[in-house]
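Reading through the structure tokens given below for one structure.
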Amino acid sequence: MSRYVIIGNGTASVGAIEGIRSVDKTGSITVISEEDRPAYCRPLISYYLEGKTKLENIGMRGADYYSDSAAELLCGRKAVGIDADRRTVALDDGEVLPYDRLCVCTGSSPFVPPFEGLGTVEKQFTFMTLDSALGIEKSIDAASRVLIVGAGLIGLKCAEGLTGRVASVTVCDLADRVLSSILDADCAALMQRHLEEHGMEFLLGDSAVRFDGNTAYMRSGRTVGFDVLILAVGVRANTSLISGIGGEVNRGIVVDERMATSVDGIFAAGDCAEGFDASSGGKRVLAILPNAYMQGHAAGVNMAGGSEVFDKGIPMNSIGFFGLHAMSAGVYEGEMYEERTDTSIKRLFTKDGLLKGFILIGRSERAGIYTSMIREKIPLSSVDFELLKRSATTAAFPPESRRKMFGGAV
Amino acid sequence: MKRVYVNEEWCLGCRLCEYNCAFANSGLSDMVLALKDKPVFPRIHVEGDEKITYAVSCRHCEDPVCVKSCIAGALSKENGVIKADPDRCVGCLTCVLVCPYGALAPGENGVMLKCELCLENSCGEPACVKGCPNRAIVYEERGETA
Ligand SMILES: Cc1cc2nc3c(=O)[nH]c(=O)nc-3n(C[C@H](O)[C@H](O)[C@H](O)COP(=O)(O)OP(=O)(O)OC[C@H]3O[C@@H](n4cnc5c(N)ncnc54)[C@H](O)[C@@H]3O)c2cc1C
Ligand code: SF4
Ligand code: SF4
């Protein structure tokens, strides 16, 4: 009977459990979870603050999930080391677990730069876990002034969640625009205007350099008073367990398309892993939930002796703020097709006869048709691109492929 | 498993399926009350151009990328039927971003609406198919590919 051990208990871990069980119903599965709770939907922590979801709806699976999956969950325990020769994992309490196949699903951690005077700030948080959201909730009231450092996805989702519950939300970022990792300047400007209309304040191209109690001293010379500080500067993949044993690590733990690391018997998946990016052709950490699940599932199947390849990961995002949605996918290279109104932007990027990427703000209808064109590398010559660029519709596909799509089992 | 299949040559583009869908899922027994002068949010959509039209609804994929991608655990597969849980959905549209068929769209309150084959509403079988005047959509078993 095989012994499977999974380190981490997020989306990738659940994917791995389900991947293993799709092949092997009897092997033992042990999941080590530093967070002291069953797997939950991490992106929901901002929706929780916003009051759009309740704690009882945040769990990723039902109450009996682990017992139904015959997986043992070790909650509130941390893996501190791997011995790849003996095939064991050491836990923080001294326990040593043997494994036949190991999956590292450790996700990422918030990166906190060494700001001067940070230690003098009484109420400071990062925003990665449900515990952090609950901590923030406890420390705010209607009079709180919140300063968020970082105008990326996590910082802005946190800002949205807090708007309306506090007196003010100010977001600063060294970048000159919001969501700089997924939006270009024009799209970011549209989104920023919308966020400002809903009460957020921005200090862009500027960041805190020093803190003293409730005051932030900015690079520009300004000072910002605040009651609660949230640091959302960026995240770093948790790779140390693999780098510690000499495994190949870049920005993330390097994996092949079967999710195997360079170390025999060890797989990795999710935000901690650096896998193949089908849109750029290179390797990249794709720190998004769908990717974490699919990588985890592939890892699980391969751990259990089955065969599943995941080589269709692409960067993509769907993120909404106060009713305005921004979708993005792939890379923004090549020729650009654009449609714009005051409240929406559509930008499609084509190169070498393929759709390579897009940004859609306020235009989300059937966007998955574009996404699959990128993922599956469907040649533009095989579709009516004049129609498709105006409207994401399968009507632009040839009748034979439509017949397959809507006439056959899928 | 039985699914809704399209015969696009026969589609008249009349959009009756959209109305029947919205009505069947309204929970009301009077079509006028349910639909008249209201925005309708059907879970099937007629697409196409001047030459060809056809009705698109969820394919109930064997390997549903929407379920794997949902950030809120709101989509699930039950006996082959892909379902959306309105209490869990937070309206992030990630499922819209990944569904290759363009089969999902949010309803009035931003929460995802999708075809669940009318198995649990008062119709009991796909209302779109039942009301299609030209058999341009059918509900039948066509054999699994996998
Ligand atoms: C606020 C927020 C909003 C987001 N919104 C979106 C969104 O809208 N769409 C989207 O696609 N993605 C979103 N994401 C990203 C998404 O949550 C991640 O991509 C996803 O959670 C990755 O899953 P994972 O399993 O790889 O890692 P994680 O979910 O990070 O899980 C890793 C787990 O491993 C544990 N762990 C780490 N080291 C150890 C150890 N040594 N021993 C034991 N346990 C360990 C950690 O405590 C953690 O619980 C968001 C993230 C955040 C923080
Ligand atoms: S919503 Fe789309 S991806 Fe999901 S099961 Fe239906 S057709 Fe498949
Ligand atoms: S819109 Fe709702 S169903 Fe779709 S991915 Fe987001 S939470 Fe899930």
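The values are calculated or read from the model by the stated rules, or taken from the named source; none is laboratory data. For clarity, every value in this text was computed on a predicted model and none was experimentally measured. All Cβ positions, even for glycine, are placed from backbone atoms using ideal geometry, and neighbour counts span all protein chains on display. Ligands, DNA and RNA are excluded from the accessible area calculation, which covers all protein heavy atoms including side chains. Shrake-Rupley method; radii C 1.70, N 1.55, O 1.52, S 1.80 Å.
Check A:PHE226 against each of (1) surrounded by fewer than 22 Cβ atoms within 10 Å (Cβ to Cβ); (2) more than 25 Å from the chain's Cα centre (by Cα) and name the one condition it does not meet.
If we test A:PHE226 against (1) surrounded by fewer than 22 Cβ atoms within 10 Å (Cβ to Cβ); (2) more than 25 Å from the chain's Cα centre (by Cα), just (1) comes out false.
How do the strands (runs of 3 or more DSSP E) wholly within region A:256-375 filter down when requiring 3 or more residues that are touching a helix residue (DSSP H, G or I) at 6+ places or on another chain (Cβ under 9 Å) and within 14 Å of another protein chain (Cβ to nearest Cβ): which remain?
The qualifying strands (runs of 3 or more DSSP E) are A:316-321, A:324-330, A:354-361.
Would you pick out the residues in region A:24-51 that are out of contact with any Asp or Glu (no Cβ under 9 Å at 6 or more places or on another chain) and surrounded by fewer than 18 Cβ atoms within 10 Å (Cβ to Cβ)?
A:LYS25, A:THR26, A:GLY51
Going by the structure shown, is A:LYS404 over 18 Å from B:CYS66 (Cβ atoms) and more than 14 Å from chain B (Cβ to nearest Cβ)?
Against the criterion (over 18 Å from B:CYS66 (Cβ atoms) and more than 14 Å from chain B (Cβ to nearest Cβ)), A:LYS404 does not qualify.
List pairs: first in region A:71-92 and within 22 Å of A:ASP36 (Cβ to Cβ), second of a type outside the set (Phe, Trp, Tyr) and at pLDDT below 95, Cβ under 8 Å, 6+ apart or cross-chain?
Note: no pairs meet the criteria.
What number goes with the only condition from (1) open to solvent by 10 Å² or more (accessible area, probe 1.4 Å); (2) of a type outside the set (Val, Ile, Thr); (3) at pLDDT 95 or above that A:LYS312 does not pass?
(3)
From (1) in contact with a Leu (Cβ under 7 Å, 6 or more places away or on another chain); (2) open to solvent by less than 10 Å² (accessible area, probe 1.4 Å), pick out the condition that doesn't hold for A:LEU360.
A:LEU360 satisfies every listed condition except (1).
Checking B:VAL65 against (1) out of contact with any Asp or Glu (no Cβ under 8 Å at 6 or more places or on another chain); (2) under 17 Å from B:ALA136 (Cβ atoms); (3) within 8 Å of another protein chain (Cβ to nearest Cβ): exactly one of these is not met. Which one?
Result: B:VAL65 passes all but (2).
Across region B:110-146, what is the total count of residues that are open to solvent by less than 60 Å² (accessible area, probe 1.4 Å) and within 28 Å of B:VAL90 (Cα to Cα)?
Number satisfying all stated conditions: 15.
Whether any residue in region B:26-49 is within 11 Å of the chain's Cα centre (by Cα), more than 15 Å from B:TYR101 (Cα to Cα) and more than 14 Å from chain A (Cβ to nearest Cβ) is what I want to check.
no
Here is a check on your reading of the model: is A:GLY15 away from ligand 2 (no atom under 16 Å from the Cβ), outside any loop (DSSP other than H, G, I, E, B) and either of a type in the set (Ser, Thr, Tyr) or over 22 Å from A:ALA237 (Cα atoms) (or both)?
Spelling it out, it is not the case that A:GLY15 is away from ligand 2 (no atom under 16 Å from the Cβ), outside any loop (DSSP other than H, G, I, E, B) and either of a type in the set (Ser, Thr, Tyr) or over 22 Å from A:ALA237 (Cα atoms) (or both).
Show the residue pairs meeting these rules: Cβ distance below 7 Å; 6+ apart or different chains; first residue within region A:192-213 and closer than 17 Å to A:LYS157 by Cα and in a helix (DSSP H, G or I); second residue open to solvent by 40 Å² or more (accessible area, probe 1.4 Å) and among the aromatic types (Phe, Trp, Tyr).
Within 7 Å, the pairs are A:HIS194/A:PHE322.
Answer yes or no as to whether A:ARG61 is touching a residue at least 24 places away in the same chain (Cβ under 8 Å) and at the interface with chain B (Cβ under 9 Å from one of its Cβ atoms).
Working: touching a residue at least 24 places away in the same chain (Cβ under 8 Å): yes; at the interface with chain B (Cβ under 9 Å from one of its Cβ atoms): yes.
Yes; evaluated as a whole, the condition is true for this residue.
Are there any pairs with C-beta distances below 7 angstrom linking a residue in region A:13-27 that is within 14 Å of chain B (Cβ to nearest Cβ) to a residue that is within 16 Å of ligand 3 (Cβ to nearest atom) and charged (D, E, K, R), with the two at least 6 apart or on different chains, and if so which?
A:VAL14/A:ARG61
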